[in-house]
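**Q** The structure follows.
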Amino acid sequence: MSKNGSSDKVKGAISKAKGETKDQVGNLTDNKKMQAEGKKDKAKGEFQDTAGEAKQNSNNRYER
């Protein structure tokens with residue numbers, strides 16, 4: 001995890017995109033396992049994004 005949160009936000013965006021793709025492919029192919037993996041990846045991405053935001057906000061407070 002990076003100190004400023006930028007890499008967490010990038011990782012979050014990648015995880016969310018990967019999850020959305022898995023979820024949609026699983027939906028199209030009626031593959032419940034793939035859909036579940038996609039939902040898990042999207043949740044992971046949301047967490048990473050939130051962690052990145054928190055780090056950025058924290059760093060912004062200390063820079064003032």
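**Q** Using the Kirkwood radius over C-alpha pairs as Rh, can you work out the diffusion coefficient of the chain via Stokes-Einstein at 4 °C, viscosity 1.567 mPa s, in µm² per second?
**A** 106 µm²/s
**Q** A further question follows. For helix 6-28, report the angle its Cα long axis makes with the longest principal axis of the Cα atoms of the chain; keep it between 0 and 90° and round to the nearest 10°.
**A** It is inclined by approximately 10 degrees.
**Q** Provide the FRET efficiency to the nearest 0.05 for the Q56-V25 pair, computing r from the beta carbons and using R0 = 25 Å. If you can, show how the numbers build up before the last one.
**A** Numbers: r = 32 Å, r/R0 = 1.29.
E(calc), rounded to 0.05, equals 0.20.
**Q** Put +1 on the Cβ of each Lys and Arg and -1 on the Cβ of each Asp and Glu in the chain; which of L28, A17, A51 then has its Cα farthest toward the positive end of the dipole?
**A** Going by the Cα projections, it comes out as A51.
**Q** Can I ask one more? From the cross-link list K11/K40; K18/K40; K9/K33; K22/K44; K9/K42; K9/K55, which pairs have alpha carbons spaced over 20 Å apart?
**A** K9/K33
The numbers here are math on the coordinates, done by the rules we state, and not lab data. Here the structure is a predicted model, which is why all the values come from computation and not from measurement. Cβ atoms come from the backbone with ideal geometry, glycine included; neighbour counts cover every protein chain shown.
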